[in-house]
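Structure record follows, encoded as structure tokens.
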Amino acid sequence: MKAPRMFGVAIDWVESRTGAVAFIAPLLTHHVPRNAKWWYVFGSATLMFFTIQIVTGVCLATLYAPSAAEAWESLRYIDQQVPFGWMLRALHGWSSNAMVVMMAIHMLQVFLHASYKFPRELNWVTGVFLLFTVLALAFTGQVMRWDQDAYWGLGIGASIADRVPLIGNQVRGLLLGGPIIGGETLSRFFALHVFVLPGAAIGLVGLHLALIMKNGISEMPKPGATVEPATYRAEYEQRMEKDGVPFYPDAAQRDMVFCGACLVLLVVLAAVYGPFGPGGQPDPTLIDTNPRPDYPFLWIFGAVSLLPPASETAVMLVAPLVGVLVLVAVPFLANAGERAPSRRPGMVLVAALAVMAVAALTWEGKTSPWSPVMDGWSALPTPSHFLTGRTPLEVQGANVFQFAQCRNCHSLNGLGGERGPALDAIATRMTADQLMRQIQQGDGNMPAFGRNLDSAQMTALVSFLTTLRPEFEAPAVIPGAQLPLPVRQMPGEVATPVAAGTQ
Amino acid sequence: MNALRLLRAASLPSLCGALLSSAGACDRLPGRPESAQVAQEGSPEWTAHVFNTSCRGCHAQGSEGAAVPLMDNAYWRAATDEQVTQAVLHGQGVLMPAFGPTVGGPFTPSQASALTRGMRALWGGGAVRSPEMSGTVVAGNATNGKAIFDVACAACHGANGSSGSVTDPMYLRLVSDQGLWTAVVAGRRALGSPAWNEPMPGRPNGLTTTEVADVVAYLSSERPRSMSEMQP
């Protein structure tokens, strides 16, 4: 028997018992619009990244120890000891980010082309559920790293849950598996990350694909070609018969080329930038940490950090609900009519604003210096030009400046924390009295140091701060004050009493 | 369609090429995490790391850093290892905090002494070079000290001295006798203050060892004991 014949017999044998070919063949050959071209590759790329997540995730699950005591060490083990273990983690991490990005692009394209209109409303709705499932996977995946980012990320999640009225404590308990972050928390998130959420995602992907088969791929929108629910299906089928091309190979080859390019990019990213974390040990007593969430959540982090305190509870609890509802409602608010972006300028504006807002908040979340530089006081020396020509008391003031850890939040010469303003020229803005009051009582985000510094320390510190101004730049004065203020002359400056109120 | 065909033709070879080249260099890929190597306690790398994160904020070099510069050897001539280790563990005077385990600090006694030896090896030039001026404060005579101060120090450091008063009660409350001792002995050349045995305006040959003790005793006697003494 010749080989091709044997193959045919084998196929027939399987086909007669399973009907697999009869099931798969129409999937491959179903007609898709000829003009779809490169616009429709993003969904396929998302699916490819999801497949990579499953494969690398299963491999990682065989190596990872999901216990609070061993998780962090097991990641070190995977990175250092397992051949290509670091590559596995890098692929899983980068593919996760790539999947979120690709999904966002896919969603944006569907929104701009209004592909969600009749009869594809539920395609969109399953897509929205997939979005949240994938974001949940990303968040629980961040917890799997069990490092400081994971710990504080959980802490933020738990404190948001705690704000729920009446049942906040119970919601937090459900989330963490107890009142605090512990071993149960990791077990819980592990179960979510490897069983519940992937299962949900696979189910939703299946549903999403089934709906695509049922409703067909939407055509490229044409201005004037409106969607009329009464006649759309018949027209679509007519057009596909006349003008459609089979999915395989016509459309599939573009998917393959694009997915191939994405795969190469993924491997390059993983090889060059390596795995994410693990950062420091998840120990709440280590305060020298600057935890930030992973990329998909940086914009939320940025947004939350900008909220006025009074609005926090309302916004944190209501905004996500509103967001989900609005996203789900999109196809039901407008499921007929024009699809072309040129005829829906309002929706284009909405999409552009959403993209810009997320991009700006992500940047804010990535760069905002919200954490003090915890070792600023002990690692960053006072620059020379702030010490030369100073009196012994002022030099001691510079010591107090380090001793009281001012440097952790205030920079000198560009080095130090950025929580508070840089103090290089503070003496041009504040008088000694104002400085004294600010340090003793605090203000805004600045804590009060009145109880932590005695009178000598305070005097020395203020006298040091009053020397912090560029040479020949006038020190601060109180507008309208009657008496000439005592002004610290710097070496080289001519002693001219500054008359109050002359500035 | 031509572009697509070109891509199709080029994609497979380039993918294979990328995979092959990365497989060949897999151990040297930039993304591979560094193995976490902890420098051995007491090694110069360890000392530099500890110093740079925990000490340098105050004790730097030259005119940088507000407290006595440990990266210059003037200080190491004027202090013993035991003194430095004790200062690291238990703090010193008013503004040097303790870093020892009794206050929840980061260093064990053995680490503190390894740090001291490491710093001396890096910056101290080996042994204590002026043994007669090392160690703790020697008791002196405050009355003699005032006379010496007026001649040797007051031009710069007196109440109306050109570089600011060291008899300012606020200053004296922030600097312990040990701190005064170190300041007189080591000086701070980068900020214009000579060491004890270097020329001073009224003393071309510096001070003698007894005179150092007397000056420190005088300054110590000027330190107000309570807030009420500080009222004008």
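Rounded to the nearest 10 Å², what accessible area does B:ASP150 have for a 1.4 Å probe in the complete protein model?
Around 80 Å² of this residue is reachable by solvent.
With +1 on each Lys and Arg Cβ and -1 on each Asp and Glu Cβ, and nothing else charged, work out how big the dipole of region A:25-367 is about its Cα centre, in Debye to the nearest 20.
Numbers: 21 positive and 22 negative charges, 169 e Å.
Its charge dipole is roughly 820 debye.
I'd like the mean, over residues of B:50-59, of how many other protein chain beta carbons sit within 10 Å of each residue's own Cβ.
Values: counts 0, 2, 5, 4, 4, 3, 5, 16, 10, 3.
So the per-residue partner count for this stretch is 5.
If you roll a 1.4 angstrom probe over the protein chains with everything in place, what fraction of the accessible area of the protein assembly as shown belongs to carbon and sulfur, to the nearest %?
Working: 24320 of 37360 Å².
Result for the protein assembly as shown: 65 percent of the exposed heavy-atom area is carbon or sulfur.
Dividing the convex hull volume of the alpha carbon atoms of the protein assembly as shown by its residue count, what do you get in Å³ per residue? Don't skip to the answer; put the middle values down first.
Numbers: hull volume 185.1 nm³, N = 735.
That works out to 252 Å³ per residue.
When the helix-only estimate is applied to chain A (DSSP H runs of n ≥ 4, each -39,500 (n - 2.57), divided by the residue count), what is the mean residue ellipticity at 222 nm, nearest 500 deg cm²/dmol? If you can, show how the numbers build up before the last one.
Values: 19 runs with 289 residues, N = 503.
Rounded to the nearest 500, the figure is -19000 deg cm²/dmol.
Helix A:392-403: angle to the longest alpha-carbon principal axis of chain A, degrees 0 to 90, nearest 10?
That helix lies at roughly 30 degrees to the long axis.
Leaving out ligands, DNA and RNA but keeping every protein chain, what accessible area does A:MET446 have, in Å² rounded to the nearest 10, with a 1.4 Å probe?
Looks like 50 Å² after rounding.
Taking the 0 to 90 degree range and rounding to the nearest ten, how far is the long axis of helix A:197-215 tilted relative to the main principal axis of chain A, both from C-alpha atoms?
Helix A:197-215 sits at roughly 50 degrees to that axis.
Looking at A:SER411, B:TRP46, A:MET144, which one has the Cα that reaches farthest to the positive end of the dipole of the protein assembly as shown (charges on Cβ: Lys, Arg +1; Asp, Glu -1)?
Projecting each Cα onto the dipole axis, the largest value belongs to A:MET144.
About the Cα centre, and with charges only on the beta carbon of Lys, Arg (+1) and Asp, Glu (-1), how big is the dipole of region A:134-245? Nearest 20 debye, please.
On the way: 9 positive and 10 negative charges, 38 e Å.
Around 180 debye, computed over region A:134-245.
For the pair B and A, how large is the buried accessible area, both sides, in square angstrom to the nearest 100, if the probe is 1.4 Å? Write down the numbers at each step before the final one.
Working: alone 13620 and 27280 Å², together 37360 Å².
About 3500 Å² of accessible surface is lost on pairing.
Residues of A:450-461, mean number of Cβ from any other protein chain within 10 Å of their own Cβ, rounded to a whole number?
Numbers: counts 0, 0, 0, 0, 4, 4, 12, 5, 1, 7, 7, 0.
That average works out to 3.
So what's the angle, to the nearest 10 degrees on a 0 to 90 scale, between helix A:455-465 and the longest Cα principal axis of chain A?
The helix A:455-465 is inclined about 70 degrees to chain A.
Let me spell out the model: positive unit charges on the Cβ of Lys and Arg, negative unit charges on the Cβ of Asp and Glu, origin at the Cα centre of region B:44-129. What dipole size does that give, in debye rounded to 20? Don't skip to the end; give the middle numbers.
Numbers: 5 positive and 5 negative charges, 23 e Å.
Value, rounded to 20: 100 debye.
Would you please classify the overall shape of region B:142-230 from the alpha carbon gyration tensor, given that a ≥ b ≥ c denote the square roots of the eigenvalues, rounded means a/c under 1.5, and beyond that prolate means a/b larger than b/c while oblate covers the rest? List each step's numbers first, then the result.
On the way: a/c = 1.66, a/b = 1.50, b/c = 1.11.
Prolate is the answer for region B:142-230, as a/c is 1.5 or above and a/b outweighs b/c.
Please arrange B:LYS146, A:LYS37 by accessible surface area, largest first, computed with a 1.4 Å probe and ligands excluded.
Numbers: B:LYS146 90, A:LYS37 110 Å².
My answer, sorted largest first, is A:LYS37, B:LYS146.
Scale the Cα Rg of region A:25-367 by the rule-of-thumb value 2.2 N^0.38 Å and send over the ratio, two decimals.
Details: Rg = 21.8 Å, N = 343, 2.2 N^0.38 = 20.2 Å.
Region A:25-367 yields a ratio of 1.08.
Positive end of the charge dipole of region A:13-167 (Lys, Arg +1 and Asp, Glu -1 on Cβ, about the Cα centre): tell me which of A:SER96, A:ALA36, A:LEU130 has its Cα farthest that way.
The one lying farthest along the dipole's positive direction is A:ALA36.
Quick check: from the Cα gyration tensor, does region B:44-129 come out rounded (a/c under 1.5), prolate or oblate? Can you show the working numbers first?
Numbers: a/c = 1.43, a/b = 1.27, b/c = 1.13.
In terms of gyration-tensor shape, rounded.
Sum up the charges of everything whose Cβ sits under 10 Å from the Cβ of A:LEU387, counting Lys and Arg as +1 and Asp and Glu as -1, but leave A:LEU387 out. Before the final figure, lay out the partial values.
Details: positive: A:ARG390, B:ARG188; negative: A:GLU394, B:GLU64.
Combined, the nearby Lys, Arg, Asp and Glu give 0.
Would you kindly state the longest site-free stretch of chain A, with sites defined as GluC sites (Glu not before Pro) in a DSSP loop (not H, G, I, E, B) surrounded by at most 16 other Cβ atoms within 10 Å? List each step's numbers first, then the result.
Working: sites that count: A:GLU70, A:GLU471, A:GLU473, A:GLU493.
Segment A:71-470 is the longest.
Just give the residues from region A:250-273 buried by at least 10 square angstrom of accessible area in the all-chains context relative to the isolated chain, probe 1.4 Å, and say none if nothing qualifies.
Buried by the other chains: A:GLN253, A:ARG254, A:VAL257, A:LEU263, A:VAL264, A:VAL267, A:ALA271, A:VAL272.
So if we plug the beta-carbon distance of B:LEU122 and A:SER455 into 1/(1 + (r/R0)^6) with R0 = 35 Å, what FRET efficiency do we get, rounded to 0.05?
Details: r = 38 Å, r/R0 = 1.08.
For B:LEU122 and A:SER455, the calculated efficiency is 0.40.
Compute the Cα gyration tensor for region A:369-457, then decide on rounded, prolate or oblate, letting a ≥ b ≥ c be the square roots of its eigenvalues: rounded whenever a/c is under 1.5, prolate when a/b is larger than b/c in the other cases, and oblate in all that remain. Don't skip to the end; give the middle numbers.
Values: a/c = 1.35, a/b = 1.03, b/c = 1.31.
In terms of gyration-tensor shape, rounded.
Quick one: how many lysine pairs in the protein assembly as shown have C-alpha atoms under 18 angstrom apart, if they're 8 or more apart or on different chains?
Lysine pair count for the protein assembly as shown: 5.
What order do A:VAL82, A:VAL171 take when sorted by accessible area (1.4 Å probe), most exposed first?
Numbers: A:VAL82 25, A:VAL171 50 Å².
Ranking A:VAL82, A:VAL171 by accessible area, largest first, yields A:VAL171, A:VAL82.
The values are calculated or read from the model by the stated rules, or taken from the named source; none is laboratory data. These figures come from a predicted structure and were not determined experimentally. So basically every Cβ, Gly included, is an ideal-geometry build from the backbone, and we count neighbours across all protein chains shown. Quick note on the areas: whole protein, heavy atoms, side chains included, nothing else; ligands and nucleic acids left out. Shrake-Rupley method; radii C 1.70, N 1.55, O 1.52, S 1.80 Å.
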